[in-house]
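The values are calculated or read from the model by the stated rules, or taken from the named source; none is laboratory data. Just so we're clear, the structure is a prediction, and the values are computed from it rather than from any experiment. Here the Cβ is made from the backbone with ideal geometry for all residues, glycine too, and neighbour counts use every protein chain on show.
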Amino acid sequence: MWTKLFWLGTLERAIKTFAQAAVAVLAANSVGLLDAPWGAAASAAGMAAVLSVLTSIGSATVGEHNSPSLVRTAPAAGAAVLSTTPPDTRTPSPGPMT
């Protein structure tokens, strides 16, 4: 959690969440650009960004090291790995006969 990579990922998530929340509030009101409730949109988006940062901090010990994600992209040590590729059951050819 105390790495640059973790905080860059957290910042990216917070910025995306801020933008998504702002667009959601502005789109829900369906008003013109000058009549939009910019204060309410900024307030809701700011709260969403803070919650995003808190979620990233809370998930720091759950997901991969240096990642604000809850999801692991690599299996944990000792975990069973599921494969969608069937095992090769063909018998090897005997090779050239001499």
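A quick yes/no check of all residues on (1) more than 27 Å from Met1 (Cα to Cα); (2) of a type in the set (S, T, N, Q); (3) in contact with an Asp or Glu (Cβ under 7 Å, 6 or more places away or on another chain):
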position: Arg13; (1), (2), (3): no, no, no
position: Thr17; (1), (2), (3): no, yes, no
position: Ala21; (1), (2), (3): no, no, no
position: Ser30; (1), (2), (3): yes, yes, no
position: Leu34; (1), (2), (3): yes, no, no
position: Val62; (1), (2), (3): no, no, no
position: Leu70; (1), (2), (3): no, no, no
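May I ask you to verify whether Ser43 is surrounded by 13 or more Cβ atoms within 10 Å (Cβ to Cβ) and within 20 Å of Asn66 (Cα to Cα)? Break it down into steps so the answer makes sense when it comes.
Numbers: surrounded by 13 or more Cβ atoms within 10 Å (Cβ to Cβ): yes; within 20 Å of Asn66 (Cα to Cα): no.
Answer is no for this residue.
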*Can you pull out the residues in the range 1-30 that are surrounded by 14 or more Cβ atoms within 10 Å (Cβ to Cβ) and of a type in the set (Lys, Arg)?*
Arg13
*Restricted to the range 1-43, and to residues that are part of a loop (DSSP other than H, G, I, E, B) and within 26 Å of Ser59 (Cβ to Cβ), which residue is modelled with the lowest pLDDT?*
Met1
*Number of positions in the range 44-59 that are touching a Phe, Trp or Tyr at 6+ places or on another chain (Cβ under 7 Å) and either farther than 26 Å from Thr3 by Cβ or in a loop (DSSP other than H, G, I, E, B) (or both)*: 1
